[in-house]
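Everything below concerns the one structure shown next.
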Amino acid sequence: MFQLTRPTPADIDAFLAAQRGSDFSYPQVGATRSDLAPAGYDVDRNRVRLGVGAETFRRATDALRSWRMSSLGWSTIHSAGAAPMPGVTVAVVVSHLGFWSLNACRIIYVLEEERDDVSRTSFAYGTLSDHAEIGEERFVVEWKRADDSVWYDLYAFSRPAHFLARLGYPISRALQRRFARESKQAMVAVTPDVAEALKLGELRGAL
């Protein structure tokens, strides 16, 4: 849904209420569980190192669960305060060039995994019928025990749905790239390398 003014909380609440009975707008629901994207979509893969250790992983996981990676000012998630849970419908509010859009998504799965010395927290949401795009996006925080590194990973496949998105395809793709870039920056900002900070503190204490 597109409008000329910024959506009010009442607008968003009404939009969410209207979308809770909507179906997904694409047949490959849950396809982000694998790294094999379905044909016919643009595919975006983005990854950034957040730091090392259990504390960094904890902070990153907390940030993921509180939607910090999507709270970017010009693009925000509204879920009535709900943490990511399967079946929860969310509104993605985006500021464009002189207008705003409300886009409906639903969370498909939430995973907490421990395997092969890797801890992973992830979830994905997919687009509903009232969304400018068609597709799915997965958000992952990963802790690799082999080198103690912690990573934030974004994986999405999409294509335009609304005629304005098709008409402004280059702009839509630029906004998707901007989202990925700023989402990574947001996660880096809330999960500083704790090990390095501790080392710095120890050095300062010794001076």
Query - Condition met for ARG106 (touching a residue at least 40 places away in the same chain (Cβ under 8 Å) and basic (Lys, Arg)) - result: yes
Query raised in the report: Quick check: is even one residue across the stretch 83-90 over 16 Å from the mean Cα position of the chain (by Cα) and among the hydroxyl-bearing types (Ser, Thr, Tyr)?
Result: no
Query raised in the report: Does PHE57 count as crowded, with 18+ Cβ neighbours inside 10 Å, assigned to a helix (DSSP H, G or I) and in contact with a His (Cβ under 9 Å, 6 or more places away or on another chain)?
Result: no
Report summary line: Flagged pairs (Cβ under 8 angstrom, 6 or more apart or on separate chains; first in the stretch 11-31, hydroxyl-bearing (Ser, Thr, Tyr); second open to solvent by 70 Å² or more (accessible area, probe 1.4 Å)) are SER22/SER129; SER25/SER129
Query raised in the report: Can you pull out the residues in the stretch 82-129 that are more than 24 Å from ALA14 (Cβ to Cβ), touching a helix residue (DSSP H, G or I) at 6+ places or on another chain (Cβ under 7 Å) and of a type in the set (Gly, Ala, Ser)?
Result: SER119, ALA124
Query raised in the report: So, of the residues in the stretch 174-207 that are under 27 Å from the mean Cα position of the chain (by Cα) and outside any helix (DSSP H, G or I), which turns out to be modelled with the highest pLDDT?
Result: THR191
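Answer yes or no as to whether SER158 is more than 21 Å from ALA39 (Cα to Cα), of a type in the set (S, T, N, Q) and in a strand (DSSP E or B).
no
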Report task. Just one of (1) touching a residue at least 12 places away in the same chain (Cβ under 8 Å); (2) under 16 Å from the mean Cα position of the chain (by Cα) trips up GLY40, so point out which. Result -> (2)
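Among residues belonging to the stretch 68-82 that are open to solvent by 20 Å² or more (accessible area, probe 1.4 Å) and under 13 Å from the mean Cα position of the chain (by Cα), point out the one that is farthest from LYS144 (Cα to Cα).
Step one: of the stretch 68-82, the residues open to solvent by 20 Å² or more (accessible area, probe 1.4 Å) are 68, 71-74, 76-78, 80-82.
Narrowing the set further to residues that are under 13 Å from the mean Cα position of the chain (by Cα) leaves 68, 71-72, 76-78.
Details: ARG68: 22, SER71: 26, LEU72: 27, THR76: 29, ILE77: 29, HIS78: 31 Å.
Looking at residues that are open to solvent by 20 Å² or more (accessible area, probe 1.4 Å) and under 13 Å from the mean Cα position of the chain (by Cα), I get HIS78.
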Requested in this report: Kindly indicate whether ALA39 is at pLDDT 90 or above and open to solvent by 60 Å² or more (accessible area, probe 1.4 Å).
Outcome: yes
**Report entry** Pair list, Cβ under 6 Å, 6 or more apart: the stretch 166-190 residue over 19 Å from TYR155 (Cα atoms), other residue exposed (fewer than 15 other Cβ atoms within 10 Å of the Cβ) and at pLDDT 90 or above
**Finding:** none
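The values are calculated or read from the model by the stated rules, or taken from the named source; none is laboratory data. Keep in mind the model is a prediction, meaning the values are calculated, not measured. Quick reminder, even Gly has a Cβ in these numbers, built from the backbone with ideal geometry, and neighbours come from all protein chains shown. All accessible areas refer to the heavy atoms of the entire protein, side chains included, with ligands and DNA or RNA removed. Shrake-Rupley method; radii C 1.70, N 1.55, O 1.52, S 1.80 Å.
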